[in-house]
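Asker: Sending over a structure as structure tokens; questions will come in a sec.
The values are calculated or read from the model by the stated rules, or taken from the named source; none is laboratory data. Computed from a predicted structure; not experimentally measured. Every residue, glycine among them, receives a Cβ derived from its backbone with ideal geometry; neighbour counts consider all protein chains shown. Side chains included, ligands, DNA and RNA excluded: accessible areas come from the protein's heavy atoms. Shrake-Rupley method; radii C 1.70, N 1.55, O 1.52, S 1.80 Å.
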Amino acid sequence: MLPNVFLMAAAVLAGAASSAYVVTVVDRPQPVVVSHVVRVVDAETVEVREGDRTTAVKLVNVAAPAADECLHAEARNLLTQLLPEGTQVTVTREGPFAALSTQDGKLVNAALIGEGLAVPTVNGIRFLGQAKEANNSAVEKRKGLHSPDVPCTLPGQVRAITEAAAVVEAQPLKGSRAELTVAADTAKTAIGLVDQLAKPGGLTWDAVAPVDQTVLLAKVTKVVPTLYRKEAELRNVVKGLK
């Protein structure tokens, strides 16, 4: 068992500089088994049939969004597309986890991460390199959890806040009640997003490297005074309108 501990420690040290990983010591890989997919349970768990036995397989090196997290439905849908019922898969076990490969050689674990719908986690070492490579590709291409175009991601929330600040800052204090109220409400909504960011945690944060988190939060910090100031100014003007 000790050699596995040393190997796991080496893997953690190699990846710690770029991402946050959950560390779990695992046993040596078990024999490869050819199975058939029964169903997708959630975004990182699949039921497979091995002979007359049906077992739940949790994907190794994969941390996918939970049911209440950003992009859960998209991650589960992709896994279902990759593994429709009856699909023949190769199951390579690593401790309580496993890697699933389709008959064309595609590693499902890496495919999910490569679309930005999961992030690597260190609960196995055999496929960790492929998981990290897939994650680097997703980050570079700004896919899924790394995309500023997706409102629920950390980059997406920061974009919404900074764009709202730009809109309300450009709003003159002269205008119709409706225009001024909309601008004030826009500022208030953005402030609500800022309050949510004050409680970091979850996969949306884990998907972003610490150095990039710092950059994103600096952008938010810069515009917060504008949001509070403009909301107050706009509300006061609306209050004075007849």
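Asker: Please give the Cα centre distance for the stretch 138-174 versus the stretch 58-100, rounded to the nearest Å.
Answerer: Value for the Cα centre distance between the two parts: 29 Å.
Asker: Next question, about the same structure. May I ask for log10 I(q)/I(0) of the chain at q = 0.09, 0.11, 0.15 Å⁻¹, from a Debye sum over the Cα atoms as equal point scatterers with solvent left out?
Answerer: -0.50, -0.66, -0.97
Asker: Hey, rough spin-label estimate for residue 163 and residue 77, points 7 angstrom out along Cα→Cβ, what's it come to in nanometres?
Answerer: For residue 163 paired with residue 77, the spin-label model returns 2.0 nm.
Asker: Between residue 89 and residues 5 or more places away or on another chain, which pairs have amide H atoms under 5 Å apart, with H built 1.01 Å from N, and which residues are they?
Answerer: Amide H neighbours of residue 89, under 5 Å, 5+ apart: 35, 36, 37.
Asker: Could you tell me what percent of the accessible area of the chain is made up of carbon and sulfur, with a 1.4 Å probe and every protein chain present?
Answerer: Roughly 57 percent of what the probe reaches on the chain is carbon or sulfur.
Asker: Can you tell me the accessible area per residue over the chain, all protein chains present, probe 1.4 angstrom, in square angstrom?
Answerer: Ligands and nucleic acids excluded, the figure is 52 Å² per residue.
Asker: Multiplying the sequence separation of residue 32 and residue 236 by 0.36 nm and subtracting their Cα-Cα distance, what value in nm do you get?
Answerer: Result for the pair: 66.5 nm of gain on full extension.
Asker: Pulled fully out, how much extra length does the chain show between residue 68 and residue 211, if you take 0.36 nm times their separation in residues and subtract their Cα-Cα distance?
Answerer: 48.9 nm
Asker: Using the Cα centre of the chain as the reference point, and only Cβ charges (+1 on K/R, -1 on D/E), how large is the resulting charge dipole? Debye, rounded to the nearest 20.
Answerer: It works out to roughly 760 debye.
Asker: So if R0 is 45 Å, what FRET efficiency would residue 229 and residue 56 give, r being the distance between their Cβ atoms, rounded to the nearest 0.05?
Answerer: E between residue 229 and residue 56, to the nearest 0.05, is 0.25.
Asker: Just name one of 198, 138, 221: the one whose Cα is farthest towards the positive end of the charge dipole of the chain (beta-carbon charges, Lys/Arg +1, Asp/Glu -1).
Answerer: 221
Asker: In addition: Evaluate the relative contact order of the chain (contact order divided by residue number), counting alpha-carbon pairs under 8 angstrom at least 6 apart; express in whole percent.
Answerer: 18 percent.
Asker: Can you list the HN-Hα couplings for the stretch 163-180, worked out from phi with the Karplus curve (6.51, -1.76, 1.60; θ = phi - 60°), rounded to whole Hz and with x for Gly and Pro?
Answerer: So the Karplus estimates, Gly and Pro as x, are 5, 5, 4, 5, 5, 6, 5, 7, 6, x, 7, 10, x, 6, 4, 5, 4, 5 Hz.
Asker: Fully extended, how many nm does the chain gain between residue 106 and residue 199 (0.36 nm per residue separation, minus their Cα-Cα distance)?
Answerer: Taking residue 106 through residue 199 to full extension adds about 29.8 nm, to one decimal.
Asker: Give me, ordered by chain and number, the residues 5 or more places off residue 94 or on other chains with an amide H under 5 Å from its own placed amide H.
Answerer: 30, 99
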